Structure formats: structure tokens, C-alpha cells
Amino acid sequence: MFRLILFVAAAAALSLNCSKTNDSSIKDIKPNDKQKTQQQKTVSQSDMVDFAWSENGKKINLSDHKGKVILVNFWATWCGPCQRELPALSEISNELKDKDFKMIGVSVDNNQQILDRFLKGSKLSYPITLEPEGLVSKYMSATGQTQNVIPQTYIIDKNGKIVETIIGARSKEDFMNILNKYL
């Protein structure tokens with residue numbers, strides 16, 4: 001009976017997040033409400049970690065969007081929980097496009113071709129870039145976050161301060177409840 005309970009618990013754990021490596025040791029966690037609260041935390045206000053990407057042929061810096069609420073989502077094409085939250089993030093991006101809001105997806109995939117192939121078949125409404133070297137680590141360091149898993153989402157307020165760290169996949173409603181505190 002104990003083995004059955006352990007098996008069921010392990011199977012239930014396969015739907016929230018992935019370790020940040022694309023290998024057979026991917027660890028997934030399905031939190032209960034208490035764990036969900038622990039994995040979503042308000043951080044002591046850390047300055048945003050700036051980075052650049054190309055959008056419509058133009059170089060954009062995250063700091064260009066100071067004065068807006070910014071959602072930075074780290075994810076990968078091979079991560080099931082990441083893929084499941086992409087449609088919700090895309091809907092949020094569409095709904096908040098006329099507000100002081102910016103969303104950027106940062107893929108931790110190993111190469112641009114894999115990302116481009118994935119994006120070709122998707123209809124995401126926000127920019128996606130390949131992770132600049134060590135960016136996830138910089139965000140983790142800035143916020144004191146220690147779980148090297150994806151998806152990882154950071155909310156930056158209008159003053160350019162990281163105010164929320166969200167570990168694991170969330171629903172549209174969960175994201176909106178958080179974002180509405182800062183919009």
C-alpha cells in the first residue's frame with residue numbers, strides 16, 4: 001500500500017515544473033496550496049537584471065520598459081509544464097497590451113534552431129528570446145531564489161524592482177491575481 005501511495009504521489013508530481021536540464025533526470029513537483037504559497041514569494045525589492053533581445057529587428061533592453069509592470073518568464077521547449085502555461089501567458093499579453101505592461105519569454109533551450117522550430121508552430125503574442133548566458137542565475141541570485149527549475153517567472157514593478165518570484169507553472173487566473181497588485 002505504501003508503494004502505491006508513493007507511486008501516486010510521484011505521478012502527481014509530474015505537472016508543475018522541470019529541472020533546468022534537458023535530460024532523463026527531470027524533476028517535476030505538483031504543489032499543494034501550502035507549497036504553492038511557499039513557491040510564490042514576494043522578494044525584498046531587488047533591482048531588475050537588465051538584458052537585451054531583438055524585437056522586430058530592433059535591439060530592446062528590459063530597462064527600456066521601466067515604468068511598466070514586467071513579467072519575465074524562463075521556460076524551455078522540452079518542458080511540459082512550461083508548454084502548458086504558454087497559452088495563458090499569451091492571453092495575458094494580449095489582454096494587457098494597452099496597459100503599462102511588458103512580457104518577455106526567455107527560453108533556456110540549448111540552441112536557436114530548436115527554439116525557432118518550436119516558435120514557428122506557436123502563436124505566442126509576446127517576444128521570446130534565447131537566454132543570454134547566465135541570466136537565470138543572475139535573477140536567482142538577485143532574489144535569493146535557490147530552486148534551479150523552470151518555469152520560473154519574475155514580476156518587476158513600475159519602479160524596476162523585482163517584487164515577485166513564481167516557481168512552477170501557474171494558471172492565467174493565478175498570474176492575473178499577482179499582476180493586478182502592481183498594474
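The values are calculated or read from the model by the stated rules, or taken from the named source; none is laboratory data. Quantities reported herein were computed from a predicted structural model and do not represent experimental measurements. Cβ placement follows ideal geometry from the backbone for every residue including glycine, while neighbour counts extend to all protein chains displayed.
Candidates are the residues of region 94-107 that are at pLDDT 95 or above and out of contact with any Leu (no Cβ under 8 Å at 6 or more places or on another chain); the one that is farthest from Trp75 (Cα to Cα) is Glu95.
For region 22-45, state whether one or more residues are out of contact with any Phe, Trp or Tyr (no Cβ under 7 Å at 6 or more places or on another chain), modelled with pLDDT of 60 or more, of a type in the set (D, E, K, R) and more than 13 Å from Ala169 (Cα to Cα). Step through it out loud before you land on a result.
Step one: list which residues in region 22-45 are out of contact with any Phe, Trp or Tyr (no Cβ under 7 Å at 6 or more places or on another chain), which gives 23-45.
Subset that is modelled with pLDDT of 60 or more: 45.
Remaining after also requiring of a type in the set (D, E, K, R): none.
Scanning region 22-45 turns up no residue that is out of contact with any Phe, Trp or Tyr (no Cβ under 7 Å at 6 or more places or on another chain), modelled with pLDDT of 60 or more, of a type in the set (D, E, K, R) and more than 13 Å from Ala169 (Cα to Cα).
Considering only residues in region 70-88 that are in a helix (DSSP H, G or I) and touching a Phe, Trp or Tyr at 6+ places or on another chain (Cβ under 7 Å), the one that is surrounded by the fewest Cβ atoms within 10 Å (Cβ to Cβ) turns out to be Ala88.
Within region 89-113, being surrounded by fewer than 22 Cβ atoms within 10 Å (Cβ to Cβ) and of a type in the set (Gly, Ala, Ser) holds for Ser90, Ser93.
Would you mind stating whether Cys18 is hydrophobic (A, V, I, L, M, F, W, C), within 18 Å of Val136 (Cβ to Cβ) and at pLDDT below 90? Yes: the conditions hold for Cys18. A single member of Leu179, Leu124 is surrounded by 15 or more Cβ atoms within 10 Å (Cβ to Cβ) and either modelled with pLDDT of 95 or more or touching a strand residue (DSSP E or B) at 6+ places or on another chain (Cβ under 6 Å) (or both), and it is Leu179. Candidates are the residues of region 147-163 that are of a type outside the set (Val, Ile, Thr) and buried (at least 20 other Cβ atoms within 10 Å of the Cβ); the one that is farthest from Pro81 (Cα to Cα) is Tyr154. The condition of being more than 21 Å from Lys58 (Cα to Cα) and surrounded by 14 or more Cβ atoms within 10 Å (Cβ to Cβ) holds for only one of Gly144, Gly168, that being Gly168. Checked against the criterion of being at pLDDT below 75, of a type in the set (A, V, I, L, M, F, W, C) and under 18 Å from Val136 (Cβ atoms), region 67-88 has no qualifying residue.
Using the structure shown, decide if Val136 is surrounded by 18 or more Cβ atoms within 10 Å (Cβ to Cβ), modelled with pLDDT under 95, aliphatic (A, V, I, L, M) and within 19 Å of Ala52 (Cβ to Cβ). For Val136, the condition - surrounded by 18 or more Cβ atoms within 10 Å (Cβ to Cβ), modelled with pLDDT under 95, aliphatic (A, V, I, L, M) and within 19 Å of Ala52 (Cβ to Cβ) - is met.
The rows are residues; the columns are (1) in contact with a strand residue (DSSP E or B) (Cβ under 7 Å, 6 or more places away or on another chain); (2) among the charged types (D, E, K, R); (3) closer than 15 Å to Trp53 by Cα.
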{"residue": "Trp75", "(1), (2), (3)": "yes, no, no"}
{"residue": "Trp78", "(1), (2), (3)": "no, no, no"}
{"residue": "Ala88", "(1), (2), (3)": "no, no, no"}
{"residue": "Val106", "(1), (2), (3)": "yes, no, yes"}
{"residue": "Asn110", "(1), (2), (3)": "no, no, no"}
{"residue": "Phe118", "(1), (2), (3)": "no, no, no"}
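In this structure, is Gln147 within 22 Å of Phe51 (Cα to Cα) and modelled with pLDDT under 95? It is true that Gln147 is within 22 Å of Phe51 (Cα to Cα) and modelled with pLDDT under 95.
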